[in-house]
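The values are calculated or read from the model by the stated rules, or taken from the named source; none is laboratory data. These numbers were taken from a predicted model, which means no experiment stands behind them. Virtual Cβ from ideal backbone geometry, glycine too; neighbours counted across all protein chains shown. Accessible surface areas use protein heavy atoms only, side chains included; no ligands, DNA or RNA. Shrake-Rupley method; radii C 1.70, N 1.55, O 1.52, S 1.80 Å.
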Amino acid sequence: MNSEKRGTLRVIAAANFIFCGLFIVFNLPFLWHQIQVLRNWPEVDAQVLRSEVVSEPSAGHEILYRAKLQVLYTVSGNPITSDLTSFESTNYEATLRRTEQFPVGSHHAVRYDPANPNQARVGAGWNRTYFALPLIVLSMAALFLCVGAVFLAVAKAASYRMFWQFPAKH
């Protein structure tokens, strides 16, 4: 393998490492916020007042469906009504199934922001669903890291072989 090909492999490896770093850098603030919600937002019982699927146009001429909830919970003796979106998808059936998990009158745990009690999260917990997006982004970062490592290893192995090759005798 000539030095130009080894250089190309190293550039591809570097590009993959850069993408890995970007995925991690952009994911960390979101992941940190998710963890802070779990650590600092109190959990209370909430009653579902409204549960419906709403739709709106999205990019690409598709329709985006949202599972919209209105919940009632109490903070320091004061009743709070909050509107939440528990799920978004271009798949109506999937959104409807999610909405059906929150029938009117049912009770669910919510976490609320102590600085702004009207802001709440349903389904916040140490589970795959709550951390789905950060886990997907970290998986992509790991994929770029592995691909970069493979390209770098191939380039280094080619350099090592070239170093130990002896010129042919005539």
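Structural remarks
- Across the accessible surface of segment 1-129, with the other protein chains kept in place and a 1.4 Å probe, carbon and sulfur atoms take up 55 percent.
- Additional length obtainable on full extension of the chain from residue 142 to residue 89, 0.36 nm per residue less Cα span: 16.5 nm
- Shape of segment 1-97, Cα gyration tensor, a/c cut at 1.5: oblate
- Tensor-based shape of segment 1-57 (alpha-carbon gyration tensor, a/c under 1.5 rounded, otherwise prolate or oblate): oblate
- Net +/- balance of residues flanking residue 46 in space, Cβ distance below 13 Å, scoring K and R +1, D and E -1: 0
- Helix-only CD estimate at 222 nm, as mean residue ellipticity for the chain, using -39500 (n - 2.57) per DSSP H run (n ≥ 4): -17000 deg cm²/dmol
- Taking all pairs of distinct alpha-carbon atoms in the chain, Kirkwood radius in angstrom: 20.0
- Environment charge of residue 86, counting only residues whose C-beta is closer than 15 Å and scoring Lys/Arg +1, Asp/Glu -1: +3
- Under-5 Å amide H pairs with residue 90, H placed in peptide plane, nonlocal only: 65
- Ranking 51, 28, 141 by Cα position along the charge dipole of the chain, where only Lys, Arg, Asp and Glu carry charges on their C-beta atoms, puts 141 farthest toward the positive end.
- Averaged over its residues, the chain has an accessible area of 66 Å² per residue, based on protein heavy atoms and a 1.4 Å probe.
- Between residue 50 and residue 106, the simple spin-label model (points 7 angstrom out along Cα→Cβ) gives 1.9 nm.
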